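Undergrad: Pasting a structure below so you can have a look.
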Amino acid sequence: MKKLIIEGKHKLTGTIKIGGAKNSVVALLPAAMLTNGKSVIYNVPDISDVHMLLEMMKILGSDVTFENETVTIDNKNSVNKEIPEEYATKLRASYYFMGVLLAKYNHSEISYPGGCSIGSRPIDLHVTGFEKLGAKIKINNNKYTITSKKLTGSDIFLDFASVGATLNIMFAAVKAEGTTNIYNAAKEPEIVNVASFLNSMGAKIYGVGTSEIIIEGVKELGDGIVEVIPDRIEAGTYLIIGALLGKNLVIEGIIKEHLGSVITKLKEIGCNLKIEGTTVTLNKVDKLKPVNVKTLVYPGFPTDLGQPMSTLLTQCEGESLFEETIYENRMRHIKHLNAMGANIKLFDQSALINGKTELIGRTVVATDLRAGAAMLVAGMLAEGITTITNIEHILRGYEKIVEKLSSVGGKIRLIDT
Ligand code: EPZ
């Protein structure tokens, strides 16, 4: 079992380079299957989710290479096949092949997806969207078989501005006959990144980044090219660590517009962020002010940074309120923070965090990807040694995290027992 061993309280000085966004690349890779042509995807992070998706693309007959942060894809021999369950259940993003294979072959077969256990994570909005486009869905033993004689553009109103549903419906609609309007669409930057990739292939997608997306179906798609945007969640995680331990810590390669809510909240807490182009320099804040953090859809405070942020709030002098509004089970890290010495009262998906509390290192569990990040932040600031188990979760979403933190003075190592 892989574990992270962290010795806390070391100042961090130097530069951390941000990689490509996990939640963008896990949609870009399946999207590349929409064309029978070639695609190139730059700035791809070396994370386990990428390798898993490349394996699935090979099963679909795609000829892929991954080197120097670049993935090339050639689909001249691509075929329609069922994605085996042992792959589909490994990550949530496997469900993007539903919309992609439906658009390409009018038929897709894939098991219910995996993903962090942070809630029930239904895919009803995806399914309803496919049905609105004319598809029929059969579910048998958790396997989804989605077929259509012909996909026809439609008006689709999402009950919730779901990132996954917005993208999956976009994939299914790009070659549908006629125009599809998605209302209450997700506005996350990753949606814009993926749409720009599809448009490079010849798709006609307008309005991305707003809550109304228009997709004019096209007959064929050609070769594609795209660069993965920087990972705003990775960047935010390192900014949180910098606020606790930075000594002229430089976070390089961010798009500050994607981090508006996070930068605003960190400044409210007392951070002095020096932002120059795509780099942010910050230092440990001696007196952190208590604040309220409520996660919302973009451009609100991102749910994926709620957990790491709650660790920072344990160091604020006073009472902070942290509310998770996107998922119904994203507070499993709180008990581990309390076990390290935090003073947090939990009321369903709201936490009252009293600080400042000294955190003491101990063995804790990464219950999901961002809970793992919260534990990592805690270990970096705690007295003594913190051991984090189940860290496969963390390695899914944080590229070279041991190398990056060690390179700026962090005392962290990965052991495999
Ligand atoms: C994406 O998940 C991200 N994952 C999540 O990041 C992120 O937290 C989430 O978007 C919100 O930003 C990937 O991109 C792989 P949603 P997704 O559909 O698409 C409900 C991380 O840590 N919902 O926007 O699954 C759902 O239950 C991960 O990197 C439905 O009810 O998120 C949840 O409460 C975690 N029906 C809410 O919407 C549906 O059909 C948000 O889900 C779909 C979603």
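Undergrad: Condition test on L102, is it in contact with a strand residue (DSSP E or B) (Cβ under 9 Å, 6 or more places away or on another chain) and either modelled with pLDDT of 95 or more or surrounded by 18 or more Cβ atoms within 10 Å (Cβ to Cβ) (or both)?
TA: yes
Undergrad: A follow-up question, please. Please find, within the stretch 280-310, the residue that is most open to solvent (accessible area, probe 1.4 Å) out of those that are of a type in the set (S, T, Y) and within 16 Å of the ligand (Cβ to nearest atom).
TA: Per the stated criteria, the residue is Y298.
Undergrad: On the given criteria, is K81 open to solvent by 70 Å² or more (accessible area, probe 1.4 Å), at pLDDT 95 or above and outside the structural domain of E234 (by TED's automatic domain parsing)?
TA: So K81 fails the test.
Undergrad: A further question on this structure: Would you point out the residue of the stretch 169-202, among those that are in a loop (DSSP other than H, G, I, E, B) and in contact with a helix residue (DSSP H, G or I) (Cβ under 8 Å, 6 or more places away or on another chain), that is farthest from V100 (Cα to Cα)?
TA: E188
Undergrad: Looking at the stretch 136-183, which of its residues are within 14 Å of the ligand (Cβ to nearest atom), β-branched (V, I, T) and within 21 Å of G207 (Cα to Cα)?
TA: Selection gives I156, V163, T166, I169, I182.
Undergrad: Could you figure out which of (1) among the β-branched types (V, I, T); (2) within 18 Å of I18 (Cβ to Cβ); (3) open to solvent by less than 10 Å² (accessible area, probe 1.4 Å) isn't true of V402?
TA: It is condition (3) that V402 fails.
Undergrad: For the stretch 58-132, please list each of the helices (runs of 4 or more DSSP H) lying entirely inside it that holds at least 2 residues being of a type outside the set (V, I, T) and within 12 Å of the ligand (Cβ to nearest atom).
TA: Because the criterion is at least 2 residues that are of a type outside the set (V, I, T) and within 12 Å of the ligand (Cβ to nearest atom), the helices (runs of 4 or more DSSP H) in the stretch 58-132 that meet it are 96-105, 124-132.
Undergrad: Being open to solvent by less than 10 Å² (accessible area, probe 1.4 Å) and within 11 Å of the ligand (Cβ to nearest atom) is the filter here; which residues of the stretch 8-25 pass it?
TA: Listed by number, the residues that qualify are A21, S24, V25.
Undergrad: Can you go through A371, A366, A378 and tell me which one is without any contact (Cβ under 8 Å) to a residue 40 or more places away in the chain, touching a helix residue (DSSP H, G or I) at 6+ places or on another chain (Cβ under 9 Å) and surrounded by 24 or more Cβ atoms within 10 Å (Cβ to Cβ)?
TA: None of the other options fit; the residue is A366.
Undergrad: Please find, within the stretch 314-347, the residue that is least open to solvent (accessible area, probe 1.4 Å) out of those that are free of Cβ contacts under 8 Å to residues at least 12 places away in the same chain and not hydrophobic (A, V, I, L, M, F, W, C).
TA: Restricting to residues being free of Cβ contacts under 8 Å to residues at least 12 places away in the same chain and not hydrophobic (A, V, I, L, M, F, W, C), the top hit is N338.
The values are calculated or read from the model by the stated rules, or taken from the named source; none is laboratory data. The structure presented is a predicted model; accordingly, all values stated were derived computationally and were not measured. Cβ atoms come from the backbone with ideal geometry, glycine included; neighbour counts cover every protein chain shown. To get the accessible areas, we keep the full protein, side chains included, count just its heavy atoms, and leave off ligands, DNA and RNA. Shrake-Rupley method; radii C 1.70, N 1.55, O 1.52, S 1.80 Å.
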